[in-house]
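Everything below concerns the one structure shown next.
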Amino acid sequence: MDFNFTEEQDMVRDGLSRLVREQYDWETRRKAIESEAGWRPEIWAQLAELGILGMPFSEEVGGFGGGAVDAMIVMEEFGKGLVVEPFVPTVVCAGGFLKHAGSEAQREEHLSAIIDGSRVFAFAYAEPRGRYNYADLETTAKKDGDSYVLNGHKAVVIGAPWASHLVVTARTGGGRRDAEGVSVFIVDKSTNGITTRDYETVDGRRASEVYFENVSVPADALIGEEGAALPLIEQVTDEAIAAHCAEACGAMKVANAMTLEYSKQRKQFGVPIGKFQVLQHRMVDMYTAYETAVSLTYLATIKLDAGEKERKRAASAAKVGVGQSARFVGQEAVQIHGGNGVTDEYAIGHYFKRLTIFESEFGSVDHHLKRHVSLG
Amino acid sequence: MNLDFTPEEQAFRDEVRAFIAENYPKHLGDVGLREDLSREDFLAWHNILGEKGWSVPAWPVEYGGTGWTPTQRYIWSEENARVNAVMPLPFGVSMVGPVIYTFGNEEQKAKHLPGIRSGDVWWCQGYSEPGAGSDLASLKTTAVRDGDHYVINGQKTWTTLAQYADWGFFLCRTDTDAAKPQEGISFILVDMKTPGVEVKPIKLLDGGHEVNETWLTDVRVPVENLVGEENKGWTYAKFLLAHERSGIAGVARSKRGVEKLREIAANEMVDGEPLIEDFEFARKVSQLEIDLAALEITELRTLAGEQAGKGPGPESSILKIKGTEIQQRLTELTLEAVGSYAAPYYHSVANDDGSNEYPVGPDYSAHAAETYFNMRKTSIYGGSNEIQRNIITKMILGL
């Protein structure tokens, strides 16, 4: 049993922590998310240079031979600074599909481009009527000679406006919601027939509705086996869950610290509000919620390579527990900040917003509680 | 980062498991934390462990401890929880024992530690008073020096299992003029057979006799029973409470409790289906398991910290709050699972003819309500959960 990090991991954390502190300060972030681009490609390039984008990949493909714990460390630091750059869609999701099921040629083409920062991905898995069921797909991919033809509508594809490529889930066979017949494709976003409607998300990121109209992609766009991708999607999304949970922990840590600091400064009835026991106990509960979230994030991260059932149980447990903590910490932080908590000017509200949207990515608390129940 | 136990730790687990299988008294069966145990029941396992040298695992080796790592101690408690073993009571082992070997003199160590290790001497705790529970420092029991004796007067309450006790450790006010209520308190060992000590039962909600009022009237105690320095008792009291709280999370036992809950819910039927298939109920079980998983990792993280040389700190307050909340929810869900057979009062339906069959309802229903009622104490004792929040407020949040 060992909860320590390696020296390399500590170095990565320190480096990232400094980068976020020095180059991702509150004002800079605000300008970036309000800019036309909506993100900071120069930071992305810097992350590539530091090796962050290559961390979870093996050395043979140009990575650093790290794994899930490394992704956890990165995302926790990102969470502290509300970093919007698309590490999860690109490195964890697209990288994960390639790592687990990509062909030699696919890895060669895409992985090095992910690692050097030249290629950015978005993961188009959600649909307007599919909620959190990855198999509930209306998007279809029909085999047509040496190609597949995609039709459908993907919802709230995070980071799609910045992406050059998409990972897309689509039904190649079977009936709606069947476990069989689900496939995954890598698609160049500039392919004919793809249109997007881009927008801002409430937590400062960018996303798109992505429409596929008779989009023809070559057969080698398929990742893994045709029709058998559901277990692969679940593996990758569990990895994304662990990463996002780490991000939520980072955000909660800062939200708690801000709230604590505020309660020491803000005076009412002649004393700092932190002197009131009713607020003290609430901040203790926020602190406990954060520690709970950290424990469950560790569990989910460590179990990513365990057997399927164990992995799923841990990921769902984390999504439930971290989701509940995130909601609680966000709401309490705003409440204790009083009126200032609901202004756009104060940072705390933005942490609240990110912690809120966290719950709807890769499955809500209720969804994962159900999954946990179904795993027995 | 790695949650796996090392091969050495696995081997240790096997050794412990085999020892328990061979030596745990069969007649105690699966009684766990039931309240209707005799003094002999409580001590049976303690005595065996004393002979093996495993009764005080956390103590320093020079005083009879095992030298086990925190992880080994965790494995030990897990393995005992698997058979729901009646563990050595904390009053000697985890409370007064560490105070004596840390602050006591050589005579006190020689006199008291062997009896705690073997289980031959039963200890009780005299902290709380009718007017001083969580506000412990406001205690009023006095100890007045009279030659080479202290004369103690006052009333203690919630004295757990004092009806069996040979010795008690009492907090008494030795300086009534101290500037702060925390000052002027002393930590004194009292032979419970001393004239003037009177123990009166308090019957609890669950019908059991677990706690008592202890009256002290002109009790003359030799001064050599003072531990450490006069008027410094508060320091020792706080030390004791931090020790008490580590291990209070009860993770291993709650894990066993969830298994048991699942067994019950698989047996109970609702609309012709097992209760565990009922989504609303299953959801509550899952939520409990998730919270318990979080608590387990939090405890392991704390243990890892201890292994790296950090003593039990204010983090143990988190373990106390979360651990007791989970214990309470577990007994609450078990009560729910049992359904209408929660109602029969165990003491009125139990067989006295020695048969194992309960005459009313399934055997798992007999103690469900009793245990639920009893476990309400957990968020109150050991410093109420509100007091734990005050500790975190001060020690961690710095407010």
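Looking at the calculated P(r) for chain B, what percent of the C-alpha pair distances fall above 32 Å? So the pairs more than 32 Å apart make up 38 percent of the total in chain B.
Remark on region A:1-158: hydrodynamic radius 17.4 angstrom, per the Kirkwood mean of 1/r across alpha carbon pairs. Per residue, the convex hull spanned by the Cα atoms of region A:129-288 measures out at 145 cubic angstrom. In summary, the lysines within cross-link reach of B:Lys394, defined as a Cα separation below 22 angstrom excluding same-chain residues under 8 places away, comprise A:Lys253, A:Lys264, A:Lys267, A:Lys275, B:Lys180, B:Lys232, B:Lys238, B:Lys310, B:Lys320, B:Lys322.
Across all C-alpha atoms in region B:7-88, the radius of gyration and Dmax reach 12.8, 40 Å. Net charge dipole, region B:123-232: roughly 200 debye, given to the nearest 20, about the Cα centre with Cβ charges of +1 for Lys and Arg and -1 for Asp and Glu. Simple point charges give the picture: +1 on the Cβ of Lys and Arg, -1 on the Cβ of Asp and Glu, and for region A:101-232 a dipole about the Cα centre of about 440 debye. Here the 3J(HN,Hα) profile of region B:19-25, calculated from phi with Karplus coefficients 6.51, -1.76 and 1.60 at θ = phi - 60°, is 4, 5, 4, 7, 10, 5, x Hz, Gly and Pro shown as x.
Share of carbon and sulfur in the accessible area of chain A stands at 48%, probe radius 1.4 Å. The residue among A:Ala48, A:Leu304, A:Thr172 whose Cα reaches farthest toward the positive pole of the charge dipole of chain A, with charges on the beta-carbon of Lys, Arg, Asp and Glu, is A:Leu304. Compared with the dominant Cα axis of chain A, that is its longest principal axis, helix A:308-337 is turned about 40°. For chain B, the longest principal axis of the C-alpha atoms and the axis of helix B:279-307 are separated by about 40°. Out of all Cα-Cα pairs in region B:123-232, roughly what percent, to the nearest whole number, are more than 17 Å apart? Above the 17 Å cut-off, region B:123-232 has 50 percent of its Cα pairs. Working from the pairwise distances between different alpha carbons, so that the mean of 1/r is found and then inverted, what is chain A's Kirkwood radius in Å? For chain A, inverting the mean 1/r across all distinct Cα pairs yields 21.2 Å. Using only side-chain charges placed at the Cβ, +1 for Lys and Arg and -1 for Asp and Glu, the dipole size of chain A relative to its Cα centre rounds to 1600 debye.
Extent of region B:249-397 along its three principal axes (Cα atoms, max minus min coordinate, largest first): 52, 35, 26 Å.
Simple rule: put +1 on each Lys or Arg Cβ and -1 on each Asp or Glu Cβ in region A:177-321, find the dipole, and look at A:Ala251, A:Gly321, A:Tyr262; the Cα lying farthest toward the positive end is A:Tyr262. Need one value: the accessible area of A:Tyr290 in square angstrom, 1.4 angstrom probe, rounded to the nearest 10. Near enough 20 Å² of accessible area.
Counting protein heavy atoms only, region B:191-343 has 52 percent of its accessible area on carbon and sulfur, 1.4 angstrom probe. Here's how it looks for B:Gly313: its modeled amide H is under 5 Å from none belonging to a residue 5 or more places away or on a different chain.
For A:Ser190 and A:Lys309, a Förster radius of 60 Å and the Cβ-Cβ distance give a FRET efficiency of 0.90, rounded to the nearest 0.05. Helix-only arithmetic for chain B: the sum of -39500 (n - 2.57) across DSSP H runs with n ≥ 4, divided by the residue total, places the mean residue ellipticity at 222 nm at -14000 deg cm²/dmol. For q values of 0.05, 0.06, 0.10, 0.11 Å⁻¹, compute log₁₀ I(q)/I(0) with the Debye formula on a Cα-only model of the protein assembly as shown, without solvent. Log-scaled intensity ratios, in q order: -0.32, -0.46, -1.08, -1.23. Surface listing: B:Asp41, A:Asp136 arranged by accessible area from highest to lowest gives B:Asp41, A:Asp136, probe 1.4 Å.
With unit charges on the beta carbons (Lys and Arg positive, Asp and Glu negative) and the dipole taken about the Cα centre of the protein assembly as shown, which residue among B:Ala81, B:Cys124, A:Val74 sits farthest to the positive side? The listed residue farthest towards the positive side: B:Cys124. The rule of thumb for compact globular proteins, 2.2 N^0.38 Å, goes into the C-alpha radius of gyration of region A:203-252 1.62 times. Chain A packed on chain B takes about 3400 Å² of accessible surface away from a 1.4 Å probe, both sides summed. Computed from Cα atoms, the angle from the helix A:365-374 axis to the main principal axis of chain A rounds to 60 degrees.
Scan chain A and report its longest stretch carrying no GluC sites (Glu not before Pro) that are both in a DSSP loop and have at most 14 other Cβ atoms within 10 Å. Of all site-free stretches, the longest is A:37-179.
The values are calculated or read from the model by the stated rules, or taken from the named source; none is laboratory data. Since the structure is predicted, the reported quantities are computational estimates derived from the model, not experimental observations. Positions of Cβ are backbone-derived with ideal geometry, glycine not excepted, and every protein chain shown enters the neighbour counts. Heads up: the accessible areas ignore ligands, DNA and RNA and are worked out on the full protein's heavy atoms, side chains in. Shrake-Rupley method; radii C 1.70, N 1.55, O 1.52, S 1.80 Å.
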